[in-house]
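Chemist: This is the structure I have questions about; it appears just below.
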2 protein chains.
Amino acid sequence: MSAPTRAAAPAPAPASSKSQLAYEWLHAQIVSGSLAAGARLVLAQVAGELGISVVPVREAVRRLEAEGLVTFEKNVGATVAGIDPIEYLYTMQTLSLVEGAATALSAPAVGRSDLAAAREVNARMRAMVDDDHQFDPVEFTRLNHEFHSVLFEHCPNPHILDLVHRGWNRLTALRGSTFSFVPERASESVAEHEELLRLIERGAPTPEIELAARRHRSATLDAYLASTGAHPHFPTL
Amino acid sequence: MSAPTRAAAPAPAPASSKSQLAYEWLHAQIVSGSLAAGARLVLAQVAGELGISVVPVREAVRRLEAEGLVTFEKNVGATVAGIDPIEYLYTMQTLSLVEGAATALSAPAVGRSDLAAAREVNARMRAMVDDDHQFDPVEFTRLNHEFHSVLFEHCPNPHILDLVHRGWNRLTALRGSTFSFVPERASESVAEHEELLRLIERGAPTPEIELAARRHRSATLDAYLASTGAHPHFPTL
DNA sequence: CCGGACTGGATCGTATACGATCATCGTATA
DNA sequence: TATACGATGATCGTATACGATCCAGTCCGG
């Protein structure tokens, strides 16, 4: 059992420490969706799979718990988070807040090459929307992340930037397993991207950019809510 | 040298687990200022002081690291964070963002009794400001926290609320050791509190409350920057 | 037939021991 | 004297072992 002859487990890249290894491996498994939401994580089992001991695995799991990617219950075990729909809403709302700020703070540092890159990505998204045959929700989501990454990665405040990353990770984990894409939003989303780029390009005031970025995500949240009709009273930010 | 002669280690309250005990103890020590910024934390030493082993201490330290209260370096040891002034600015800015949102989201749930409590606290702050003899920076800071707690504790989004708490903790730890209060701000601060209460009481729109709360903290940050003149180009949110 | 206590298994929480890594300090040499 | 180098100590990182706790299934009594 201890022999690392496991085919599926992608040979864990050499990490600085074993707890880091466990963290990165689990993180990748969860974000990529290989570990579905609700899946149980037994410390000893994970340790055996990675060929290490339980102590570093435990530490990795606690870190993931702090990021909201797993829930850890005493004497019961850890489970991959992402079951609760309300958590999805909270995450979206929080991301709306921090991503809006990050995008606004990044704007002054966004250069021509960044804008060009973002435009190129958005063009591919538009192509997808225009041609129904080519539309691929997974790829569309990936492009969406790439687009926004360009716009918020220059954020001078590392704390806010970190919160944005955590939000995206959590969202990716949650969405991949439980929630469905709302394709009706795709066209609007691409249009809002272009509007956002125009604002940044012309050096619009920071609050204006923040509001645009925030509402861009809020609109996605609203679309999700409308498609489910489940939580009509969710507070708007 | 082994006994740090710390002022009466308060008998660690019984906690659910020992790692939780270590976490709470260290957290309290740092936030209260008993452990000054830059102080070294040796795992074995802390473990001995609490009468437990190093493993749970290690876990507690990693959690504190995730919250930004300590920095952990391999084979060197952990140190209480809070030396870097720029970190203080980042924290203030982030707190401005999340606290503004939390206050705005809480507003609909703030009732008469909450408003009365907040007014009572603010009255005490005003009394302090009016009478120079009674002014006590530490107590003023505590009252300030109490005031804002009333206004953001009803936040329906637990993620945002958690970020607010973390921000305050981090700020408290940083401020207690390295940064000085700006007493010139006290009077304005109290006035802004009253304005904030009026907005909430009359049911002002959410964005308006958010902006007021955010700028209230931004003003404190600006005052700090002005008093030091060190970082004139810090971006405004 | 049903409900409560009991036992067995599984899992986590912690202690202890050992190895790995890094910083520090002393020494020799150019 | 300044610098390079090696020995020493301190600290963390991990493995292993054991105890504590909880859950589930079972058995017994009503």
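The values are calculated or read from the model by the stated rules, or taken from the named source; none is laboratory data. Keep in mind it's a predicted model, so treat the numbers as computed, not measured. FYI the Cβ positions are ideal-geometry reconstructions off the backbone, even for glycines, and counts take in every protein chain you see. What goes into the accessible areas is simple: the full protein's heavy atoms, side chains included, and nothing from ligands, DNA or RNA. Shrake-Rupley method; radii C 1.70, N 1.55, O 1.52, S 1.80 Å.
Chemist: From the phi angles alone, apply the Karplus equation (6.51, -1.76, 1.60; θ = phi - 60°) to the stretch A:151-165 and give each ³J(HN,Hα) in whole Hz, x where the residue is Gly or Pro.
Modeler: Result, ordered by residue: 7, 10, 5, 8, 4, x, 9, x, 5, 5, 4, 4, 5, 5, 4 Hz.
Chemist: Below 21 Å, Cα to Cα, which lysines can B:Lys74 reach? Residues fewer than 8 away in the same chain don't count.
Modeler: Within the straight-line limit of under 21 Å, B:Lys74 reaches these lysines: A:Lys18.
Chemist: May I pose another question? Any chance you could run the full-extension gain for A:Ala219 through A:Glu153? It's 0.36 nm times the residue separation minus the Cα-Cα distance, nm to one decimal.
Modeler: On the way: separation 66, 0.36 × 66 = 23.76 nm, distance 2.19 nm.
Length difference between fully extended and current span is 21.6 nm.
Chemist: Could you pull out which residues in the stretch A:94-128 have an amide N less than 12 Å from a spot 7 Å beyond the Cα of A:Asp136, following the Cα-Cβ vector?
Modeler: A:128
Chemist: Going toward the positive end of the dipole of the protein assembly as shown, with +1 on Lys and Arg Cβ and -1 on Asp and Glu Cβ, which of B:Ser96, A:Asn75, A:His133 do you reach last?
Modeler: A:Asn75
Chemist: Checking an interface number: how much accessible area is buried between A and B, summed over both chains, with a 1.4 Å probe, in Å² rounded to 100? Show your work: numbers first, answer last.
Modeler: Numbers: alone 12630 and 12460 Å², together 22570 Å².
Buried surface at the A/B interface: approximately 2500 Å².
Chemist: Is chain A rounded, prolate or oblate when judged by the Cα gyration tensor, a ≥ b ≥ c being the square roots of its eigenvalues, rounded requiring a/c under 1.5 and prolate requiring a/b larger than b/c? Could you put the intermediate results ahead of the total?
Modeler: Values: a/c = 1.90, a/b = 1.73, b/c = 1.10.
Prolate shape, in that a/c is at least 1.5 and a/b is the bigger ratio.
Chemist: Hey, another quick one. For the protein assembly as shown, what does the helix formula give at 222 nm: sum of -39500 (n - 2.57) over DSSP H segments with n ≥ 4, over the residue count, nearest 500 deg cm²/dmol? Working shown, then result.
Modeler: On the way: 18 runs with 306 residues, N = 474.
Helix-only estimate at 222 nm: -21500 deg cm²/dmol.
Chemist: From the label point of A:Ala123, set 7 Å along Cα to the beta carbon, how far off in nm is each other copy's matching point, shortest first?
Modeler: Those label-point separations list as 6.6 nm.
Chemist: Taking the label point 7 Å from Cα in the Cβ direction, how far apart in nm is A:Pro158 from each other copy of itself, listed shortest first?
Modeler: 3.0
Chemist: Continuing with the same structure: If contacts are Cα pairs under 8 angstrom and at least 6 residues apart, what is the relative contact order of chain A in percent?
Modeler: Details: 267 pairs, mean separation 56.8, N = 237.
That works out to 24 percent.
Chemist: Rounding to the nearest 10 and keeping the result within 0 to 90°, find how far the Cα-based axis of helix A:54-66 lies from the longest principal axis of chain A.
Modeler: Tilt of helix A:54-66: around 30 degrees.
Chemist: Can you list the distances in nanometres, one decimal and ascending, from the A:Ser187 label point to the identical position in each other copy, with the point 7 Å along Cα to Cβ?
Modeler: Shortest to longest, the spacings are 6.0 nm.
Chemist: Sticking with this structure for a sec: What are the ³J(HN,Hα) values, in whole Hz, obtained from phi via the Karplus relation 6.51 cos²θ - 1.76 cosθ + 1.60 with θ = phi - 60°, for each residue of the stretch A:111-127 in sequence order, with x given for Gly and Pro?
Modeler: The phi angles translate into x, 4, 5, 5, 4, 5, 4, 4, 5, 4, 4, 5, 4, 5, 5, 5, 4 Hz.
Chemist: Here is a further query. Report, in debye and to the nearest 20, how large the dipole of chain B comes out about its Cα centre when Lys and Arg carry +1 and Asp and Glu carry -1 on their Cβ.
Modeler: 700 debye
Chemist: If R0 is 35 Å, what FRET efficiency do you get for A:Gln20 and B:Asp162 from their C-beta distance, rounded to 0.05?
Modeler: Numbers: r = 25 Å, r/R0 = 0.70.
That pair, A:Gln20 with B:Asp162, gives E of 0.90.
Chemist: Which whole-Hz couplings ³J(HN,Hα) result when phi for each residue of the stretch B:131-142 is put into the Karplus expression 6.51 cos²θ - 1.76 cosθ + 1.60, θ = phi - 60°, listed in order with x for Gly and Pro?
Modeler: 10, 4, 4, 8, 5, 9, x, 5, 5, 4, 4, 5
Chemist: Give me, ordered by chain and number, the residues 5 or more places off B:Val70 or on other chains with an amide H under 5 Å from its own placed amide H.
Modeler: Here the answer is B:Glu65, B:Ala81, since their amide H atoms fall under 5 Å of that of B:Val70.
Chemist: So what is the relative contact order of the stretch A:18-80, in percent, for Cα pairs below 8 Å that sit 6 or more residues apart?
Modeler: Computed over the stretch A:18-80, the figure is 42 percent.
Chemist: Sticking with this one: Using the Kirkwood formula on the Cα atoms of the stretch B:18-80, what hydrodynamic radius do you get, in angstrom to one decimal?
Modeler: Numbers: mean 1/r = 0.0892 Å⁻¹.
Hydrodynamic radius (Kirkwood, Cα only) of the stretch B:18-80 equals 11.2 Å.
Chemist: For the pair B:Asn75/A:Ser227, report the inter-label distance in nm, with labels modelled 7 Å from Cα in the Cβ direction.
Modeler: In this crude label model, B:Asn75 to A:Ser227 measures out at 5.1 nm.
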